[in-house]
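Colleague: Below is the structure I would like to discuss, written out as structure tokens.
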Amino acid sequence: MVPSYVPLSYYLLLSGFLFACGVVGFLIKRNIISIFMSIELMLNGVNLSFVAFAAHWHALAGQVFVFFVMVVAAAEAAVGLAIIIAVYRTRETLNVDQVNLLKL
Amino acid sequence: MHLILFLAFGAVCVGGAINLLAQRHPINSALSLIAVMAALAGEYLLLGAEFVAAVQVIVYAGAIMVLFVFVIMLLNAGEEEHTMGSRVALLLGVPGMLTGSVLMAWVVLRHSGTESVPIGALPGHPTDIAQLLFHDFLLPFEVTSVLILIAIMGAVVLANTPEASAGKAD
């Protein structure tokens, strides 16, 4: 028989898997934009566990924290992409292995 | 029914995340990340968080990912090439992450039990969220507005060309 509810641990497993995929992408990707997207994937995994725990403990504060995470992610995306543009302008590359000097 | 929906959205999430890792071209990674975010919005709906689901689609899959796609097209990002460092990371990082994930899954399954998350028991109504956000979390809310302002100014300063600012100074 298929149960009609979803256990909390399933949500946590999915959230952990997304976070792990983000960490692996952060490690193996060499394009700086792909690395940045891996960070976004990690933030999304954390958001899922926030919402799952909010539903589990009947605490709406978990959903409010998701908004704060989104705000921080938006600010981080704006500043990070501006940094990527500045790096590309000076070095003409997006490969992080070739960006190994603080000052040209 | 809820379990089937959870598994369907979860399959899209897992497939999109793996596709993000497998694709070499950043634009393909960005599109699979959008799929992951849209499926996550479905998961939030299952958890009764309608407002969070709407914001996830509008802000995350909409605004932030559009920013990413714009930058990818602006910088004309091509396929990434594998280097020595990325091979080492692939050889060491993936087994390490697999070990960590299995350990985490074991802990979660062992200790959290299998209590159900009742569907719709927590109505994430915008009124309730606004009550919480503008009363209990008012100070963090104001601090994040300052953070956003600083981020806007930082992005403008960083993305500005040196020639343009030098021309303005003259």
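The values are calculated or read from the model by the stated rules, or taken from the named source; none is laboratory data. These figures come from a predicted structure and were not determined experimentally. Note that we place each Cβ from the backbone using ideal geometry, even for glycine, and neighbour counts take in every protein chain shown.
Colleague: Here is a list: A:Val46, A:Val6. Which entry is on the phi < 0 side of the Ramachandran plot, among the aliphatic types (A, V, I, L, M) and within 13 Å of the chain's Cα centre (by Cα)?
Modeller: Numbers: A:Val6 fails: within 13 Å of the chain's Cα centre (by Cα).
When all the criteria are applied, what remains is A:Val46.
Colleague: Taking the condition more than 7 Å from every other protein chain (Cβ to nearest Cβ) and either at pLDDT 85 or above or within 23 Å of A:Gln63 (Cα to Cα) (or both), does B:Ala8 pass? Before the answer, list the steps.
Modeller: Details: more than 7 Å from every other protein chain (Cβ to nearest Cβ): yes; either at pLDDT 85 or above or within 23 Å of A:Gln63 (Cα to Cα) (or both): yes.
Spelling it out, B:Ala8 is indeed more than 7 Å from every other protein chain (Cβ to nearest Cβ) and either at pLDDT 85 or above or within 23 Å of A:Gln63 (Cα to Cα) (or both).
Colleague: On to the next question. Scan the range A:79-98 and tell me whether some residue there is in a loop (DSSP other than H, G, I, E, B), more than 7 Å from chain B (Cβ to nearest Cβ), of a type in the set (A, V, I, L, M, F, W, C) and surrounded by fewer than 20 Cβ atoms within 10 Å (Cβ to Cβ). I'd like the intermediate steps shown before the answer.
Modeller: At the first step, the residues of the range A:79-98 found to be in a loop (DSSP other than H, G, I, E, B) are A:92-94.
If we keep only those that are more than 7 Å from chain B (Cβ to nearest Cβ) as well, we get A:92-93.
Of the ones still in play, those that are also of a type in the set (A, V, I, L, M, F, W, C) are none.
Among the residues of the range A:79-98, not one is in a loop (DSSP other than H, G, I, E, B), more than 7 Å from chain B (Cβ to nearest Cβ), of a type in the set (A, V, I, L, M, F, W, C) and surrounded by fewer than 20 Cβ atoms within 10 Å (Cβ to Cβ), which makes the answer no.
Colleague: Can I ask one more? Sort out which residues of the range A:1-27 are surrounded by 24 or more Cβ atoms within 10 Å (Cβ to Cβ), assigned to a helix (DSSP H, G or I) and in contact with a His (Cβ under 9 Å, 6 or more places away or on another chain), and write them in order of number.
Modeller: Matches in the range A:1-27: A:Tyr11 only.
Colleague: A follow-up question, please. Scan the range A:31-47 and tell me whether some residue there is out of contact with any strand residue (DSSP E or B) (no Cβ under 6 Å at 6 or more places or on another chain), acidic (Asp, Glu) and at pLDDT 90 or above. Don't jump to the end; show me each part of the working.
Modeller: Our first condition is that a residue be out of contact with any strand residue (DSSP E or B) (no Cβ under 6 Å at 6 or more places or on another chain); within the range A:31-47, this holds for A:31-47.
From the residues that got through so far, the ones that are acidic (Asp, Glu) too are A:40.
Now narrow it down to the ones that are at pLDDT 90 or above: A:40.
Within the range A:31-47, one or more residues are out of contact with any strand residue (DSSP E or B) (no Cβ under 6 Å at 6 or more places or on another chain), acidic (Asp, Glu) and at pLDDT 90 or above.
Colleague: Sticking with this one: Go through the range B:97-114 and report how many residues are surrounded by fewer than 14 Cβ atoms within 10 Å (Cβ to Cβ), at pLDDT 80 or above and polar (S, T, N, Q).
Modeller: Qualifying residue count for the region: 1.
Colleague: Within the range B:64-82, does at least one residue satisfy the condition of being in a helix (DSSP H, G or I), surrounded by 19 or more Cβ atoms within 10 Å (Cβ to Cβ), out of contact with any Phe, Trp or Tyr (no Cβ under 9 Å at 6 or more places or on another chain) and of a type in the set (Phe, Trp, Tyr)?
Modeller: There is no residue in the range B:64-82 that is in a helix (DSSP H, G or I), surrounded by 19 or more Cβ atoms within 10 Å (Cβ to Cβ), out of contact with any Phe, Trp or Tyr (no Cβ under 9 Å at 6 or more places or on another chain) and of a type in the set (Phe, Trp, Tyr).
Colleague: Now for a separate question. Looking at B:Val94, B:Val88, B:Val59 in this structure, which one is within 22 Å of the chain's Cα centre (by Cα) and either modelled with pLDDT of 90 or more or more than 8 Å from every other protein chain (Cβ to nearest Cβ) (or both)? First the steps, then the outcome.
Modeller: Numbers: B:Val94 fails: either modelled with pLDDT of 90 or more or more than 8 Å from every other protein chain (Cβ to nearest Cβ) (or both); B:Val88 fails: within 22 Å of the chain's Cα centre (by Cα).
Just a single option satisfies the conditions, and that option is B:Val59.
Colleague: Taking the conditions exactly as written (out of contact with any helix residue (DSSP H, G or I) (no Cβ under 9 Å at 6 or more places or on another chain) and either at the interface with another protein chain (Cβ under 7 Å from one of its Cβ atoms) or free of Cβ contacts under 8 Å to residues at least 12 places away in the same chain (or both)), does A:Leu102 satisfy them or not? It would help to see each step written out before you state the result.
Modeller: Values: out of contact with any helix residue (DSSP H, G or I) (no Cβ under 9 Å at 6 or more places or on another chain): yes; either at the interface with another protein chain (Cβ under 7 Å from one of its Cβ atoms) or free of Cβ contacts under 8 Å to residues at least 12 places away in the same chain (or both): yes.
The answer is yes for A:Leu102.
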